[in-house]
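As structure tokens, the structure follows; a few thoughts come after it.
The values are calculated or read from the model by the stated rules, or taken from the named source; none is laboratory data. Because the structure is a prediction, the values reported are computed rather than measured. Heads up, the Cβs are rebuilt from the backbone with ideal geometry, glycines too, and the neighbour counts pull from every protein chain shown.
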């Protein structure tokens, strides 16, 4: 690596580390009350930490079942062990020095901060490859809501790592030309697929950009394509051995299963075949025809081998979709989302798209088209689910940095609007200000806070029936088995939870017996989305809300505490009627 290039690389990394460190410190101070007790930001973070604890306590590396979730022997998770490696390593190394709690606390702060620094450095690298100020792009990325929420302290789930791997692929597709750069892109693509399928469309477009640039550039793109193809094929093969889980044979494409691997491994043969063909394909026309033929064959073959990948998460029960998914902001389609969410999530991405189109019109540089292809894919994903905006926000800073640089030459009147549209953290504020104002929602009880979970943890170990989100937090903070949690593979337990709370009071003892329930917990605001239905006296939820539980449920939480917790009273092992 030439000395000047090396200096720029280290300079970009230094800026990224500085920004990530300062923001991580600020976020840690702001959220210390919850963070210090390991009350992590999201249910997935909580369950991820529990998965790491189970592994460090002796659970097999390939066993990703959560054995205290759902019916015995537990629920086979759709996750990967790959995102566990670094936080688990930190906990393992630091525990003898700091103690278990402090080691876990250090891990859940350091791991997202490291990923954030990596993401900012990669954005800076993409910007530099496009001829844009790298430090400025890193600064814009540091403010790039909603993507920044993936890197706050406690966010140890896999989405932050997937964004970093996507940025590696984007960096290679846009700027890298060497064999080594291509190999890095192929390995990153394979690693992301081994984690989950969420970013698969973006990864596919990144790979397509590598192939198309080879078809156009010929020998200049040969090394990159060859490295990408070999890296992808070999990394997928290695992952199928090293990261094969106990759920490898799961009949679906929702994680790194045999079905997903077959499709990915077959599709990976396409760039490999084209890279070999490249030595005998001297013209753009021949390479373009070969690309079209091989691409169609790869896509057709992959889907024929793994048709389940067209609908990786299957069908969610309609009632679960209404009561659970409809209230998950990032799972809503862009058009159907509340205005405040739509602006907050998609605002920066749309600004980045507009800026990218503007820069391309000025420069006619094909590398900007490559970035625009990825941005448009992120927009397409966002139209289906708002979570696509995470990638869209991280892909926007290079174009927005170019906009700011251009605005500097036109004075303050142009510079201020350029910064306003580039500051991602302003979009959720604008969304909240522009959204129609309704009556203020009453402040609900904190049923998953440290105090509430501590009271649940103090109970003798048993089986807990609680609504979906409370179940996930209880899994990580208590010794209890929980029936329901926000995971699509747990459909049986989640439906049982709904039948238990929302069904007739007379049916609840049968479910309590079937699922061997010891405790029942309900938060005052649970099922509020059903309106008056949730409070109907004939439903168990209504009876519990009214303070008239059936005789076989004895309230064991003091009056006024949330959640309200009941113990199942039994006679000869059966709920007392």
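Of note:
- Scope region 263-289; condition part of a helix (DSSP H, G or I) and surrounded by fewer than 18 Cβ atoms within 10 Å (Cβ to Cβ); matching residues: 269, 273, 276, 277, 279, 280, 284, 285, 286, 288, 289
- Yes/no for residue 103 being assigned by TED's automatic domain parsing to the domain that holds residue 86, more than 27 Å from residue 417 (Cβ to Cβ) and touching a helix residue (DSSP H, G or I) at 6+ places or on another chain (Cβ under 7 Å): yes
- Filtered residues of region 300-319 (kept if assigned to a helix (DSSP H, G or I) and out of contact with any helix residue (DSSP H, G or I) (no Cβ under 7 Å at 6 or more places or on another chain)): 300, 304, 307, 318
- Tallying residues that are within 24 Å of the chain's Cα centre (by Cα) and buried (at least 24 other Cβ atoms within 10 Å of the Cβ) within region 128-141 yields 4.
- Being at pLDDT below 95 and within 30 Å of residue 355 (Cα to Cα) holds for only one residue in 441, 432, 452, 402, and it is 432.
- Residues located in region 488-503, provided they are crowded, with 24+ Cβ neighbours inside 10 Å and under 15 Å from residue 44 (Cβ atoms): 490
- Test: residue 348 is modelled with pLDDT of 95 or more, under 23 Å from residue 428 (Cβ atoms) and over 17 Å from the mean Cα position of the chain (by Cα): yes
- Meets criteria (more than 15 Å from the chain's Cα centre (by Cα), more than 23 Å from residue 81 (Cβ to Cβ) and not in a loop (DSSP other than H, G, I, E, B)) for residue 110: no
- Picking from residues in region 43-69 that are touching a strand residue (DSSP E or B) at 6+ places or on another chain (Cβ under 8 Å) and part of a loop (DSSP other than H, G, I, E, B), the one that is surrounded by the most Cβ atoms within 10 Å (Cβ to Cβ) is 64.
- Residues of region 451-474 that turn out to be in contact with a strand residue (DSSP E or B) (Cβ under 8 Å, 6 or more places away or on another chain) and surrounded by 23 or more Cβ atoms within 10 Å (Cβ to Cβ), as a count: 9
- Subset of region 73-102 [surrounded by fewer than 19 Cβ atoms within 10 Å (Cβ to Cβ) and in contact (Cβ under 8 Å) with a residue 40 or more places away in the chain]: 101
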